[in-house]
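Input: a single structure, listed below in structure tokens.
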Amino acid sequence: MVTTRSSKRTWNDIHSTETKQKQLTAYVKSIKRPRVATKKENNPHCLNQVKLSESLLAASQYFSLSYEPSRCQVIGREQTISIISEKLKKWSNNQDTMSLYLCGSPGTGKSLCVKAALEMIAADNNNNGLQDIHPIYINCATISDPKTIYSVITSQLEESVRLYSSDTKTNWIRAIENIQAKQHILLILEELDFLVTRDMSVLCSLLESPYSLSKVGILATANSVDLPERAASCLKLYSAQPVTMPLSPYGYEEIESILYQRLCLAKASYPCLEKIPVSHFTDAFQLVAKKIATSCGDIRLALDVIRTLLLSAAKRIPAEYHGEDSFLLQDAAKILEEKGGLTSMKNRIGNLPFQQQLAVLACLLLSQRKSLFTLNELYSQLTQLNGQLELPCISFSQFVDICETSLSDHGIIQLEGRKIDKRRVRCSLLTCANEVKAALEPFTVYASWL
């Protein structure tokens, strides 16, 4: 019987020698040896931190100044938008002239109100089958010579309308008169005060245009409150003076609500942000809202501070965040100071009554030893300061009232919780230590502690 050898090598053939046996054993051991995992694979917490950092980085866009909320998302300016849209509606129905001037300090929502009102009237016209208003946006700050504004206006009209390209008022009026009867031209003039000249001729001619041309409306914005009054003496028609609508700075609750709204929009797009407790954002939002509301009420500054805060947190979270409550709060105070949000804090502390200033000093001295302390500890420090000055100290109930109203409302201190036993309520200094020192240094009575 002839035995044929298989083309495949048997197990005995492979391990016929002692050398091959050792090699195979070593190879098997190397395969069974556990593979070394990377840092991210071996540490799920690290992987989550990286995702959270990326989400914070992306979420910062909702606090960017370039983000424009829709009219249904506007907070604190609903009444103003309603008034503007109502005037636009009457004007588009040929029931009234359109000459409106919005004024207010920077960051009070002037441009936002204009855009939201136009969005509202456009939706209303579409629903009712009416012709849309043709808006012409012009930032007067970009015009080097006010007299060239006429050519800027005609350049934004339709091709069939731009029959005259000269920068004279006469040719601009001729171009407007060639527009179809039902079309309304709304001149949205931002930074109107840049058109002020010695004789006020350009400004006055524009303000008078809604009364000589029913198809033209003026919706202007600027920081100056008295601009229409200054131009009134040069107007040929006194009635041509526009209706002035001053906008007040944003208040604490409005700023806080806007910040929460942007956070909710960010969380809807980036659910990973839910891993950061809302209380962490609450402390930072309250600090920023209080500081800015009591100083300038500029919502743009508040949004920019939070945007910078999220960018800073995105860099720090992978290495430093371990769930601390004060993680965002600490950075918020620093960013506020860098961006000028605390410029008026020196004046506010300097204008406080003596015992309130002394309470701020006590808080400063305690904060140098610990970041968080109880009201009982703060009151003991205040009593000690009064003793060194040989002055009677206020009662504890008066002290609590000062902390819960004046110092807290001014954004100087932060109180945590509303416990029945007020002595156990925890407190921290929100204002930068250097800011407090700068406010108290002019008073010689505090010199020995600063």
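The values are calculated or read from the model by the stated rules, or taken from the named source; none is laboratory data. This is a predicted model, so every value here is computed, not measured. Counting neighbours? That spans all protein chains shown, and the Cβs are built from the backbone with ideal geometry, glycine included.
Screening I176, I149 for residues that are modelled with pLDDT of 80 or more and not small (G, A, S) leaves exactly one candidate, I149. In the set D283, D304, only one residue is assigned to a helix (DSSP H, G or I) and in contact with a strand residue (DSSP E or B) (Cβ under 8 Å, 6 or more places away or on another chain); that residue is D283. Only helices (runs of 4 or more DSSP H) whose full extent lies in the stretch 333-450 are considered here, and the ones with at least 2 residues that are over 30 Å from R300 (Cα atoms) are 354-367, 375-388, 396-402. Checking each residue in the stretch 414-446 for being hydrophobic (A, V, I, L, M, F, W, C) and under 32 Å from the mean Cα position of the chain (by Cα) picks out L415, V425, C427, L429, L430, C432, A433, V436, A438, A439, L440.
For residues that are closer than 23 Å to T405 by Cα and of a type in the set (V, I, T), scanning just the stretch 284-317, find the one that is modelled with the lowest pLDDT. Restricting to residues being closer than 23 Å to T405 by Cα and of a type in the set (V, I, T), the top hit is T294.
To keep it simple, each residue is scored yes or no on (1) more than 19 Å from F373 (Cα to Cα); (2) surrounded by 15 or more Cβ atoms within 10 Å (Cβ to Cβ).
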site	(1), (2)
I394	yes, yes
D401	no, no
G411	no, yes
R424	no, no
S428	no, yes
T431	no, yes
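Residues in the stretch 62-97 that are of a type in the set (A, V, I, L, M, F, W, C), touching a residue at least 24 places away in the same chain (Cβ under 8 Å) and outside any loop (DSSP other than H, G, I, E, B): F63, I81, I83, I84, L88, W91. Of the residues examined, L336 is one that is within 29 Å of the chain's Cα centre (by Cα) and of a type in the set (A, V, I, L, M). Entry remark, the stretch 212-269: residues being in contact with a strand residue (DSSP E or B) (Cβ under 7 Å, 6 or more places away or on another chain) and without any contact (Cβ under 8 Å) to a residue 24 or more places away in the chain number 0 in total. Quick check, is L100 modelled with pLDDT of 80 or more, closer than 30 Å to D304 by Cβ and not assigned by TED's automatic domain parsing to the domain that holds T308? Spelling it out, L100 is indeed modelled with pLDDT of 80 or more, closer than 30 Å to D304 by Cβ and not assigned by TED's automatic domain parsing to the domain that holds T308. Of all residues in the stretch 142-158, those that are assigned by TED's automatic domain parsing to the domain that holds L192 and among the basic types (K, R) have Cβ atoms under 8 Å from Cβ atoms of residues that are buried (at least 16 other Cβ atoms within 10 Å of the Cβ) and modelled with pLDDT under 80, 6 or more apart or on another chain, in K147/D167.
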